[in-house]
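Step one of this worksheet: look at the structure below.
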Amino acid sequence: MPVADHDKYCEMLDRARKGKFAYPAINVTSLTTANAVLRGLAESKSDGIIQVSTGGAAFASGAALKDMVLGAVSIAEHVHRVADRYPVYVALHTDHCQADKLDKFVIPLVEETERRRAAGRANLFSSHMFDGSALPLEKNLDIALNLLERFRKSDLILEIEAGVVGGEEDGVKANASAKLYTTPEDTLEVARRLNAVASGRYMLAATFGNVHGVYKPGHVKLKPSILKECQDAVVAKYGEAARFYLVFHGGSGSDLREIHEALDHGVVKMNIDTDMQYAFTRAIADHCFRNYDGVLKVDGEVGNKKAYDPRSYLTLGEAAMAERVKLAVKDLRATRTTLAG
Ligand SMILES: [Zn+2]
């Protein structure tokens, strides 16, 4: 299927919220990892979201260039070209972008979409996240409002964050004293400001104890009931149409019951990065340890070309990551939900 257009993406999100399931939004940094996501989704008969972070995009452009816009365009172009061959829909998204990076990452990508649309072509990305969670809420929403006004003209969906996800992602560490739980008051303010933009469409990453990165099970103290409080408050004040489309960040290490409760409260997108990184690397490490004298030239030997050809272990990484995608889809109750029929 082609990359989901705006109507299809909205239909995906509506269907997820109604059906109480969510799409995995998986960070990719290369053609191989993007292919792994497409394969995992296709084998699960689930639609999904492929996303690129600022650091992942810089990596994708090559270490000599470290050009995050170029890397994001390259990955998106690749997905547009190959997605057609898979029987599911994917949307293309950019992950966390702080206010000081908007002009260097999100805005150039939005301009690229605007140019493409003017030429009668499809959007480059389907949605972008602005992460203003480190700012006071008023400032966060001032910027979000401006973006949403611009995004709606190009059928782009905005993701924002209110409250701070703990831990570290992409080299950005949350302040230890940051507010890890969003309040209903905060989310009412989000709705008051952003719902004023007619036909603007956004998703909200509300925080309920989530932490980016790696933690042993039990470390993360999630309170998904916060999401219900936020939804109840917004529906009571602004009606059913204002119910949020929620995004779950920093969910590695949370247990399935908590994930399911979050889905029950309107989470439609769950970001998954750390678990995918591990799945990919686990398979490669296994290959290298098993084939120690093949990937290396030990004691004057010649190694084994079949073992050190990067395709041999990248294929294993791709397959392992595709399996992890399938597990994510299952955990998010999205198996066999594709709109591709
Ligand atoms: Zn995140």
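The values are calculated or read from the model by the stated rules, or taken from the named source; none is laboratory data. Predicted model, so just to flag it, every value in this text is computed and none were measured. Using ideal geometry, Cβ is built from the backbone for each residue, glycine included, and neighbour counts are taken over all protein chains shown. Quick note on the areas: whole protein, heavy atoms, side chains included, nothing else; ligands and nucleic acids left out. Shrake-Rupley method; radii C 1.70, N 1.55, O 1.52, S 1.80 Å.
Key figures for this structure:
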quantity: Odd one out for LEU327, checked against (1) in contact (Cβ under 8 Å) with a residue 24 or more places away in the chain; (2) assigned to a helix (DSSP H, G or I); calculated: (1)
quantity: Qualifying positions in the stretch 110-137 - under 20 Å from PHE208 (Cα atoms) and outside any loop (DSSP other than H, G, I, E, B); calculated: MET129, PHE130, ASP131, LEU137
quantity: Of all residues in the stretch 187-213 being modelled with pLDDT under 95 and away from the ligand (no atom under 14 Å from the Cβ), the one that is most open to solvent (accessible area, probe 1.4 Å); calculated: SER199
quantity: Residue list for the stretch 223-252, restricted to those being within 23 Å of ASP275 (Cα to Cα), open to solvent by less than 30 Å² (accessible area, probe 1.4 Å) and of a type outside the set (Phe, Trp, Tyr); calculated: PRO224, LEU246, VAL247, HIS249, GLY250, GLY251, SER252
quantity: Qualifying residue in the stretch 70-87 (condition: without any contact (Cβ under 8 Å) to a residue 24 or more places away in the chain, more than 18 Å from LEU124 (Cβ to Cβ) and surrounded by fewer than 16 Cβ atoms within 10 Å (Cβ to Cβ)); calculated: yes
quantity: Odd one out for HIS287, checked against (1) out of contact with any strand residue (DSSP E or B) (no Cβ under 7 Å at 6 or more places or on another chain); (2) modelled with pLDDT under 95; calculated: (2)
quantity: Per-region count, the stretch 117-138, residues open to solvent by 70 Å² or more (accessible area, probe 1.4 Å), at pLDDT 95 or above and within 14 Å of the ligand (Cβ to nearest atom); calculated: 0
quantity: Residue match in the stretch 263-282 (condition: more than 26 Å from LYS221 (Cβ to Cβ) and β-branched (Val, Ile, Thr)); calculated: yes
